[in-house]
Amino acid sequence: MKKFISLILVYSICLLLMACPKETAVRKAAKASFELSGLTVDAIAATAKAYNENLIGLETKDKIADALKLVATGGKNFNQALKKFRDQSGDNLTPDQISFLNVIFSSEVITPFLGILQTLKVLSMNGAKNLLAAINALKVVILLISNGFASAGIPQMNFREVEVNV
Amino acid sequence: MSDQTKFEVLTDIATEILVNELQRRAAAKLMSVDELIEEAQANWEKAEKDADDLKDLGHADE
């Protein structure tokens, strides 16, 4: 049974590594920006719903709103820089351009996202045990998106560190 | 609200987010780089506005 599970895991990892091998860095970054921007819009709607249903208090809602505003502004800056660099360099970004995108992404998008994860951590510690499954599902989505950026070669982020913090 | 109801509401929220995410990933595969950047820009601008609205929520009487 263990061998079978290992085989499945190895096969899955191979599939992930082989996925879209011809995608350029600029396309991966654009795709990640598109996906994360959509997730941010969804996260805002979800937070409003959670507040309206009295699942979270005003203070928690405000903290998440502040962090999501930072993510949105940072994401917009990242996307605008990406558009500018694509106009300048086409599909082949220069190392300087990639480095610039790294800085914006790490400081303006990931950092406020970590703030939300921290808030969720506090929420899950204080909340009832049976809320953990749903909260963890939200964390998984956020980590998946973050790793999507990582596989694009855009941020130099240590996601193991993120997982430990969650 | 009971814990069971809270759990159901949170599960609905998480499910909706996951489904939307899968749909976005499927849609992204069919889009050009320019389309992805354009759509992302519209989403980020909407997110900025929605975040402001979210912050205002519950503060109307202040």
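The values are calculated or read from the model by the stated rules, or taken from the named source; none is laboratory data. Just so it is clear, the structure is predicted and the values come from calculations on it, not from any experiment. Here the Cβ is made from the backbone with ideal geometry for all residues, glycine too, and neighbour counts use every protein chain on show.
All but one of (1) in a helix (DSSP H, G or I); (2) facing another protein chain (nearest Cβ under 8 Å); (3) closer than 15 Å to A:Glu53 by Cβ hold for B:Gly58; which doesn't?
Only one criterion is unmet by B:Gly58, namely (1).
Please enumerate the residues belonging to the stretch B:9-24 that are surrounded by 13 or more Cβ atoms within 10 Å (Cβ to Cβ), out of contact with any Asp or Glu (no Cβ under 9 Å at 6 or more places or on another chain) and either touching a residue at least 40 places away in the same chain (Cβ under 8 Å) or not aliphatic (A, V, I, L, M) (or both).
B:Thr11, B:Asp12
Being outside any helix (DSSP H, G or I) and of a type in the set (S, T, N, Q) is the filter here; which residues of the stretch B:1-49 pass it?
Within the stretch B:1-49, B:Ser2, B:Ser32 qualify.
May I ask you to verify whether A:Lys69 is more than 9 Å from chain B (Cβ to nearest Cβ) and either under 11 Å from B:Glu48 (Cα atoms) or in contact with a Gly (Cβ under 8 Å, 6 or more places away or on another chain) (or both)?
no
Quick grid of which residues meet (1) crowded, with 22+ Cβ neighbours inside 10 Å; (2) at pLDDT below 85; (3) more than 7 Å from chain B (Cβ to nearest Cβ):
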| residue | (1), (2), (3) |
| --- | --- |
| A:Leu58 | no, no, no |
| A:Asp62 | no, no, no |
| A:Ala81 | no, no, yes |
| A:Phe85 | no, no, yes |
| A:Thr94 | no, no, yes |
| A:Gln97 | no, no, yes |
| A:Val103 | no, yes, yes |
| A:Gln118 | no, yes, yes |
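Among the residues of the stretch A:29-37, is any surrounded by 19 or more Cβ atoms within 10 Å (Cβ to Cβ) and at pLDDT below 85?
Taking the stretch A:29-37 first, the residues surrounded by 19 or more Cβ atoms within 10 Å (Cβ to Cβ) are A:29-37.
Those left that are additionally at pLDDT below 85: A:32.
For the stretch A:29-37, residues surrounded by 19 or more Cβ atoms within 10 Å (Cβ to Cβ) and at pLDDT below 85: present.
For the stretch A:39-68, enumerate the residues that are in contact with an Asp or Glu (Cβ under 9 Å, 6 or more places away or on another chain) and over 16 Å from A:Gln118 (Cα atoms).
A:Leu39, A:Thr40, A:Val41, A:Asp42, A:Ile44, A:Ala45, A:Ala46, A:Ala48, A:Lys49, listed by residue number.
Given the criteria crowded, with 20+ Cβ neighbours inside 10 Å and touching a residue at least 60 places away in the same chain (Cβ under 8 Å), does A:Leu68 qualify?
Details: crowded, with 20+ Cβ neighbours inside 10 Å: yes; touching a residue at least 60 places away in the same chain (Cβ under 8 Å): no.
When the stated conditions are applied, A:Leu68 does not pass them.
Test of understanding: among B:Ala40, B:Ala47, B:Ala27, which residue is modelled with pLDDT of 90 or more, more than 8 Å from chain A (Cβ to nearest Cβ) and either surrounded by 15 or more Cβ atoms within 10 Å (Cβ to Cβ) or in contact with a strand residue (DSSP E or B) (Cβ under 8 Å, 6 or more places away or on another chain) (or both)?
B:Ala27
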